[in-house]
Structure formats: C-alpha cells, structure tokens
Amino acid sequence: MKKYWHVLNIGVQNNLTYRFNFLARTLFGFIPLIAVLYVWRTIYAGNGQGSKIGAYSLAGMISYYLVVTIVDALTAVNEDDWQIAADIKDGNISQFLLKPIDYLTYRLCLFFSGRLTYLAVAAVPLALFILWFRQYFVLPKHWNTLGFFLLSTILTALLQFFTSYTMAMLAFWVLEVSTFIYILFAFEYIASGHLFPLDILPHSLERALFLTPFPYQLYFPVSIYMGRTTGAELARGLLIQALWVVGAYILARFAWRRGIKKYSAVGG
C-alpha cells in the first residue's frame with residue numbers, strides 16, 4: 001500500500017500545479033447552475049406562490065441543486081477517462097506491465113487525489129455559493145442520515161470511476177473513444193438526476209431508470225440527504241448501489257484483461 005500512498009501524494013502535488021484551472025472550473029461551473037436556478041424560479045413564479053412541482057417547492061428544488069453541487073464536487077470524473085485512453089493509445093501502459101503496480105489501483109489513487117485537490121481549491125467559492133443560498137440549505141434532521149449520505153457518496157464516486165475506467169478500456173479496440181464518452185456523459189447527465197430530480201418524472205419512467213446504474217451516480221445520495229429515501233428503501237438502495245459498484249469493478253477488470261490480450265505497444 002505504501003506505493004499507492006506515494007501515488008496519491010504525487011497526484012495531489014501534480015494537481016496543485018494547476019490549481020488555478022480547478023478554481024476557474026469551479027467559478028465558471030456556477031454560471032450554468034445559477035441559470036438553472038433562475039429558470040426554476042421563473043417556472044414556480046408562473047405557477048403561482050406556494051406551488052409545487054412533484055413533491056418540490058421552490059425552496060426544496062433549490063436545496064436539491066445545492067446538494068447536487070456538493071455531491072458532484074466529491075465524485076465527478078473529470079479527465080480520468082481521457083487520460084486512461086491516452087495511456088493506452090500512446091503505449092504508456094507498457095511500463096505498468098513491467099512493474100509490480102496495478103494500473104486500476106494506480107488510476108483510482110489519481111482519481112481520489114484529483115477530488116481532494118479540487119475540494120481544497122474549490123472549498124471557499126463553493127462555501128460562499130452555498131452561503132448565498134443559505135436560506136434553502138439545511139442539514140439533515142438526523143446525524144445517521146448524514147452518515148448514510150457520506151457512505152452513498154463514496155459508493156457514487158467508485159461507481160463513476162469504474163464506469164469511466166471501463167469506457168476508457170474501449171481504447172484497446174478503437175482509436176478514438178470520445179464519441180462513446182460523450183454518449184455516456186449525455187445519459188449520465190439526464191438519467192442521474194443532474195438536470196432535474198428523477199422523482200418528478202412519471203412513476204413508471206422513474207422505476208425504469210432505477211433498473212440502470214445512473215440514478216446511483218448522483219440522485220440517490222442526494223435523495224438520502226434530503227430525507228426522501230429512508231427506512232427499508234434506504235437499506236435496499238444502498239445494497240443495490242453497492243452491487244452496481246461491484247459489478248462495475250468486475251467489468252472494469254474483465255475489460256482490462258481482454259484488452260491486454262489485444263494490446264501492442266506503440267510507445268511509452
């Protein structure tokens with residue numbers, strides 16, 4: 001484990017070199033979010049004071065997007081899939097085949113180092129943004145809810161990473177994986193609850209989405225925090241989310257083993 005702690009440390013140092021990029025990404029990332037919030041304000045204003053969409057009042061909807069921002073900051077995969085695909089295409093993974101280091105674990109350490117760096121740089125502007133909307137942001141009613149939320153957020157991060165890692169493994173078979181990555185991102189953005197809460201959809205469509213891993217990549221931990229998933233439903237959801245993580249991990253390992261059989265070094 002010592003070598004992977006070293007990778008984590010090196011990853012943090014490398015990311016801090018580009019801390020201005022993290023800060024700029026955070027600040028400009030608030031622009032579309034603010035636009036979405038004002039769109040919802042206009043929608044609620046048009047429906048009349050005290051109106052609801054689904055089970056959400058205006059305050060509840062804004063609170064939802066604030067928690068989404070937090071979960072996204074903790075779990076989002078930014079450029080890991082592109083970097084993994086580039087390593088394969090450029091032949092850089094050859095060095096990992098000759099050294100006692102596991103490439104998936106190596107990339108996982110770099111992923112977490114990126115999240116730690118992003119939080120360190122973005123913590124102040126993110127806190128100021130939440131403070132601006134503080135009247136809509138509330139803590140969970142019970143501390144155990146916060147614990148379940150953190151557990152689900154960790155599972156969300158792992159699920160997002162393993163999914164992106166598996167998608168990047170396509171670079172063993174195709175020269176350009178960008179199309180597949182963009183398609184996956186489009187599905188994730190809509191079906192994970194990033195664009196809108198999934199429980200405002202028709203019940204049958206919501207249930208269908210929960211047969212996929214996408215809701216567990218964002219919506220599920222947010223629903224825990226907001227107290228919309230509790231009791232037996234919470235326990236069942238955490239179990240399903242954990243199973244999706246295990247399934248994504250197995251698929252990632254399988255894709256790596258199959259890909260290596262087709263791999264031929266062209267650089268590195």
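Where helices (runs of 4 or more DSSP H) sit wholly within segment 1-115, those with at least 3 residues that are open to solvent by less than 60 Å² (accessible area, probe 1.4 Å) occupy 2-17, 19-47, 58-75, 80-90. Applying a threshold of 6 Å to beta carbon distances and a minimum spacing of six or more residues, or different chains, the list of pairs starting in segment 82-93 at a residue that is within 13 Å of residue 178 (Cβ to Cβ) and ending at one that is at pLDDT below 85 and charged (D, E, K, R) is empty.
Residues in segment 114-166 that are among the charged types (D, E, K, R) and closer than 26 Å to residue 34 by Cα: 115, 134. Pairing residues of segment 176-195 that are of a type in the set (S, T, N, Q) with residues that are assigned to a loop (DSSP other than H, G, I, E, B) and open to solvent by less than 50 Å² (accessible area, probe 1.4 Å), at Cβ distances under 8 Å and at least 6 apart in sequence or on separate chains, gives 192/218. When segment 201-232 is filtered for residues that are in contact (Cβ under 8 Å) with a residue 12 or more places away in the chain and among the basic types (Lys, Arg), only 228 remains.
Scanning segment 122-154 for residues that are surrounded by 14 or more Cβ atoms within 10 Å (Cβ to Cβ) and not aliphatic (A, V, I, L, M) gives 125, 129, 133, 136, 137, 140, 145, 148, 149, 152, 153. Among the residues of segment 187-208, those that are within 11 Å of residue 54 (Cβ to Cβ) and not aromatic (Phe, Trp, Tyr) comprise 197, 198, 199, 200, 201, 202, 203, 206.
For segment 229-240, a residue qualifies if it is in a loop (DSSP other than H, G, I, E, B) and in contact with a helix residue (DSSP H, G or I) (Cβ under 7 Å, 6 or more places away or on another chain), and exactly one does: 229. The residues in segment 155-206 that are assigned to a helix (DSSP H, G or I), under 16 Å from the mean Cα position of the chain (by Cα) and surrounded by fewer than 19 Cβ atoms within 10 Å (Cβ to Cβ) can be counted, and the count is 9.
Per the listing 156, 166, 105, the residue uniquely in contact with a Ser or Thr (Cβ under 6 Å, 6 or more places away or on another chain) and touching a residue at least 60 places away in the same chain (Cβ under 8 Å) is 156.
For residue 255, the requirement of being buried (at least 21 other Cβ atoms within 10 Å of the Cβ), touching a residue at least 12 places away in the same chain (Cβ under 8 Å) and either of a type in the set (Ser, Thr, Tyr) or more than 29 Å from residue 137 (Cβ to Cβ) (or both) is not met. Restricting attention to segment 233-246, the residues that are touching a residue at least 12 places away in the same chain (Cβ under 8 Å) and open to solvent by less than 80 Å² (accessible area, probe 1.4 Å) total 7.
Residues in segment 207-228 that are part of a loop (DSSP other than H, G, I, E, B) and touching a Gly at 6+ places or on another chain (Cβ under 6 Å): 218 alone.
The values are calculated or read from the model by the stated rules, or taken from the named source; none is laboratory data. This is a predicted model, so every value here is computed, not measured. In this analysis, Cβ positions are derived from the backbone assuming ideal geometry, glycine residues included, and neighbour counts consider all displayed protein chains. Just so you know, the surface numbers come from the protein's heavy atoms only, side chains and all, with ligands and any DNA or RNA stripped out. Shrake-Rupley method; radii C 1.70, N 1.55, O 1.52, S 1.80 Å.
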